[in-house]
Structures are given as C-alpha cells and as structure tokens.
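One structure below.
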Amino acid sequence: MKIALFATCIVDAMYPEVAQATVTILRRLGHEVIFPEGQTCCGQMHINSGKFAQAEPVIAAHARAFSSTEWDVAVAPSASCVASLGHQQPMVARRMGNEALATEAADIAGRTYELSQFLTDVLGITDAGADLGSYFPHRVTYHPSCHGMRLLRLGDRQSNLLRSVKEIDFVELPLADSCCGFGGTFSVKNPEVSSAMLADKVRTIQSTGAEVCTGGDASCLLHMGGGMSRFQRTGNFEGTPDVTAVHVKQTSSTEAGADNADQLTAVVGASDDDHRIPGDQGTQPQEPSQVQSGLRVGQSAVHLARILASTKEDPLRVQSEGATVSGGSLR
C-alpha cells in the first residue's frame, strides 16, 4: 500500500522523531511511505479561533499538497489534526463559498487515518508485540486526547495497542477522560484555567507512579510534559497562584505507626511554604528534590508511535537509561 505521511505542523516543528517512528512502523509492515511536499498546517488553529477567512488558504494549501501525488491512504500521528480534516475543513470551505475546495478536502479527509485507527481498522493489527515487535519494559500510563475520544471516537484502539506491547507495565490513568487543558489556542487565551486543568492532570499522572505518560497527540503531550517538567523543577505550577499542588513530604520512621523504613506521604493542600528555604522571606520556592516534587525519576511524556516503534533490538530508552528529557518529553 502507498501511504502518504501527514506529519502535522507541531510534529514537524517540535517532535520530528514522532514522524520518523510513524514511518518506521508503516515500513516495518511492508508499506511504501511518501511525504507530500508543501504540507504545512491543517488550519485547525485558525478555525478554532473563528478565523475562517485566514483558514481557507491554509486548507487550500493542504489540499494542493495531498493532491500533487498519488497515494492510497494518508496516515497522521495526531487525532486532533485528522479530526480537523473531516470535521472542520469541508465546513469552512463551504462557509467561504468554495464548494470545489470543500469537495476536495472531504475526499482527502475520507482517506486520512490517525495512526492507531489505521493499524487497527485497516490493517487489523491487534497485538503490537507480535505484529510490530514492539517492546518497552517500563511502567506507562495513557492520556486519551479529547479529539481522539470525542470526534474520531477512537475508543480503546490506542490503549489496546499499548497494552499489547511486550514487557510493558500499563497502568490506567485516573480520570483519563478529563481534558489536559491544552485545547490549542484555549491555553493561550485562558492560561489560568488551562494551567489549573493541567495541574489536575499532572496530579493524576503522578499518582500512577508511571515513568512515562503517553498519548496520540503531540500537542497534549507537549502541554503535559511541560507541566511535569515545571512541577518537578519548582514544586508548583507557575502562573496558577490559586491552584494548590500535591506535595510529597518525607515522614520520620519514629512517627507513630511508621515502618522502620522512611515513608513518603502525599499531602494534598500543602502550601507553597513547604518548599521555601527556612528563614527565606522571598517569594521564590526552593528548588525541590525529586522526592519533594512527587515525581518519579525520569517521569516524562512520549508519543505512543515511539513506543510502538521501540523494539528489543532498537529500544526507546527512558531517562534512567540515559535518554534526554526536554520540556518533560523524551527526546
């Protein structure tokens, strides 16, 4: 099968390794992968902000790029962008009176799949370990993106593939269907609300004890990874003074009921003063230790395509194995 890679702008600009992993997976299954030149943004950012006139030429550019060559299906490592192609592009083109563009956009959208959707629905892949050789011996939790759940209706496609990876320790994320707070331009226009939602999401990730939080949308992972990194660095969420973070304190083994070994106790509602240097009257928190922050060593975000592409012979490494974490995301 000839597959056109729809890389998406955020993957291309921020996480090219996700696009590379997607290509690796598809080629491993014996397919030819091409990259239509000229692809940029799908226009989702403009459309979500109500900028239909500005979105029209972006939609037209996407249609030109994917009409310039022959392919059977297109695949993207992003539920959000794939949803935008079908849910938004034809609608915007029609609203702008461009019926020809609406028809072309609908045709391209009808042949474009999110990665897990393509693997499961088109290729019938149900066991990533057996069919892809996927191997990732680490504790992993999973965040389903809003567009994947509510627009593409991916259901358990992504999580089922992850569960079938060899040696993975998959743990459910509490309140997984809650938004991470990114929402594209929402996080820019409503930073306080976005950060509060992010704080809740990071708390639930922390509670799993997972080394890695994964998902199918780089934008959500960028947001959550940044939040985890910021919390690990400072012990709180910058820009959200009214949001109480979950701090972790070390209790003495001499306390009543304590074991001989030191215990870690999560304290919900602890004030930011718990992180201040004794005697310091300033407003900057003390640089917290990994114990204080409540984050495991190496806790980070990574796209599910990279986990599916990881094999025993060529494994994806985590921070404790020498991998670099930038902005909370594995690099």
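Rule-based calculations on the coordinates, nothing more; no lab input. Please read these numbers as outputs of a predicted model, since none were measured by experiment. With ideal geometry, Cβ positions are generated from the backbone for all residues, glycine too; neighbour counts draw on all protein chains shown.
Data for the structure
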| read-out | value |
| --- | --- |
| Other-chain or far-sequence residues with amide H under 5 Å of Phe170's (modelled H) | Val140 |
| Extension gain, Asp72 back to Val171 (0.36 nm per residue minus Cα-Cα distance, nm) | 32.0 nm |
| The stretch 2-119, dipole about Cα centre (Lys/Arg Cβ +1, Asp/Glu Cβ -1), debye to the nearest 20 | 180 |
| Karplus (6.51, -1.76, 1.60) ³J(HN,Hα), θ = phi - 60°, over the stretch 35-46, in Hz, Gly and Pro reported as x | 10, x, 5, x, 6, 10, 9, 7, x, 4, 4, 5 |
| Per-residue ³J(HN,Hα) for the stretch 317-331, Karplus 6.51 cos²θ - 1.76 cosθ + 1.60, θ = phi - 60°, Hz, x for Gly and Pro | 9, 9, 4, 5, 9, x, 6, 8, 10, 10, x, x, 10, 5, 10 |
| The stretch 2-119, relative contact order in percent, only Cα pairs under 8 angstrom and at least six apart counted | 30 |
| The stretch 151-192: trypsin sites (Lys or Arg not before Pro) in DSSP coil with no more than 11 other Cβ atoms inside 10 Å | Arg153 |
| Under 28 Å from the Cα of Lys201 - lysines, other chains or at least 8 residues apart | Lys166, Lys189, Lys249 |
| Segment Arg153-Ala100, length gained on full extension (0.36 nm per residue, minus Cα span) | 16.3 nm |
